[in-house]
1. Express the relative contact order of the range 264-345 as a whole percentage, based on alpha carbon pairs under 8 Å and six or more residues apart in sequence.
2. Determine how many Å³ per residue the convex hull of the Cα atoms of the chain encloses.
3. Which length gain, in nm to one decimal place, applies between residue 485 and residue 291 when the Cα-Cα distance is subtracted from 0.36 nm times their residue separation?
4. Sequence-distant or interchain residues sharing an amide H contact under 5 Å with residue 168, placed H: which?
5. Which of 235, 257, 216 sits farthest toward the positive end of the charge dipole of the range 214-261, with +1 on the Cβ of Lys and Arg and -1 on the Cβ of Asp and Glu?
6. Using θ = phi - 60° and the Karplus form 6.51 cos²θ - 1.76 cosθ + 1.60, what ³J(HN,Hα) does each residue of the range 69-83 get, whole Hz, x for Gly and Pro?
7. Can you work out ³J(HN,Hα) from phi for every residue in the range 272-281, in order, using Karplus 6.51 cos²θ - 1.76 cosθ + 1.60 and θ = phi - 60°, giving whole Hz and x for Gly and Pro?
8. For the range 92-176, build the convex hull from the C-alpha positions and give me its volume per residue in Å³.
Amino acid sequence: MRKRKLGLLALMLLLVLSAALAACGSDADDGKKEDGKEEGTKTEDGKNVKDTLVFGRGGDSTSLDPSRVTEGESFKVTVNIYETLLNFGESDTEINPGLATEWEPSEDGLTYTFKLREGIKFHDGTDFNADAVVKNFERWANGDAEKFPYYNTTFGGFKGDEGHVIESVTADGDNTVLIKLTRPQAPFLKNIAMSMFAIASPTAFEIGDDQFERNPVGTGPFKFVEWKPNETITIEKFDDYWDAELPKLKRIIFRSIPDNSARLNALMSGDIELADGINPSDGKSIEDNEKLQLFVRPSLNVGYLGLTVTRPPFDKKEVRQAINYAIDKQSIIDSFFEGRADVAKNPMPPSISGYNDDVEGYEYNPEKAKELLKSVGLEDGFEMDLWAMPVPRPYMPDGKKVAEVIQKNLADIGITAKIVSHEWATYLDLAEKGDADAFMLGWTGDNGDADNFLYALLDEDNIGSNNYTYYKNAKLHDLLIAAQTEIDEEKRNELYKEAQVIIHDDAPWVPLAHSTPLLGGSKDLTGFVPGPIASDLLSKVEFK
């Protein structure tokens, strides 16, 4: 025990020092010191290097269990905590090794053999092996569409369902996994490389789904630290990561800043070092700022207005077609995208194989829209709710303002649209349940395949998961299942082109835009590669 020989002055100095240390400790959550300068580590030459990245984004995650979500804000975080059996390239959707180093399909396309990396552990110390992979697939297959919507979307249902593609997943020793299918699935390898099929620690998820989604455990380069809802999510370097060279950063803080202007100001002031959802109109100001750099993400998306076909009068095709004619898409592109988007006419972008450029998009023609409404006895119009997204998305930088343009367009043909919105997680939940008349939403491709747009978003199998419009067409369903099963790429493409003709005529959507998303970062940020899939692995990011 310290002897009590301190004088009053010494005691006061000690109290001041203690207060200063406490202040520094309280700022650990946001990676800043009290004077606003970034924390860092000293290199051998004595220079201070930042080791914490603050990533400003438009909304909070809804869950940190990737198998339970369908929205990109969650995947932004989880892709850095978990890993998948296979990976996509940094700037494309080509298949690369992941937790599996080798993979081999059988000649009939029904069995896939995966060789796993050895000596890997999950963040909680659980061994990663073939048994862990099997338990993850069993967890998903024994679920339902409410729990695991993406598994349902991708693999045609769950264990025991007629359309379920996966027959079995078994371990052959500690480091080999065999996956058998009931029928060939052309995009299978790309499907299991998607973020939602990341492999989680069985020790963690066996405790319970609700607890696990707030306490994620994977094998990734970063491990979970803390989640302050609607504020920040913090992850930090996993010291036992299997690649000793990664990650470069010590800590990443995902900070929710819903307002685009506030997020840009935070970037310019240095409060954050990376920001997504940059307004196209602000791209030039970032390029002209010597302290910042502009990142351009390859376009692999579609923004759309969904029309819930089970809610009158949207159960009438003529009404849906009328709304397509009523909306001035080019005006929306010109006003809000600054030339960094193309008008959409199909539910998938032109960069994907199987895109049908021969489809003639609905022109802006209010008179034609009125004629269609009159043909079904709605010449006096009707009232409806128009749901506007509460957060910026890559395919829609400002949902509220675009909704106001759509509202005006609809008023011109006699339709009174009331703009409503909800908190992001609630918005998605209610839209998924079919509670919206018309809703603004969009999709960034997960694997670069047409199946991931057309089947995932518009097939009857996915009503109640990713098909929020509740649209179904038996002929379309047969085409999309045939395209999934067909291995010949040219034949697949023809099937998808035919499918787009049907969707265009039935008009469950108003396709609006294929955007080129923008991000801004500090000038000293390096190693960041914005890929077409908008969940970026940040393990190679560092500061100069």
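The values are calculated or read from the model by the stated rules, or taken from the named source; none is laboratory data. Values in this document were obtained by computation on a predicted structure and should not be read as measured data. Every residue, glycine among them, receives a Cβ derived from its backbone with ideal geometry; neighbour counts consider all protein chains shown. Note: areas computed on protein heavy atoms with side chains; ligands, DNA, RNA excluded. Shrake-Rupley method; radii C 1.70, N 1.55, O 1.52, S 1.80 Å.
1. 26 percent
2. Values: hull volume 94.2 nm³, N = 544.
Output value, Cα hull per residue: 173 Å³.
3. Extending this stretch completely gives an extra 64.8 nm.
4. Residues meeting the amide H criterion: 180.
5. My answer, from the dipole projection, is 257.
6. Using θ = phi - 60°, the values come out as 10, 10, 10, x, 4, 6, 5, 3, 8, 5, 5, 9, 9, 10, 9 Hz.
7. These are the phi-based 3J(HN,Hα) values: 10, 10, 8, 9, 9, x, 6, 4, x, 5 Hz.
8. So the per-residue Cα hull volume is 137 Å³.
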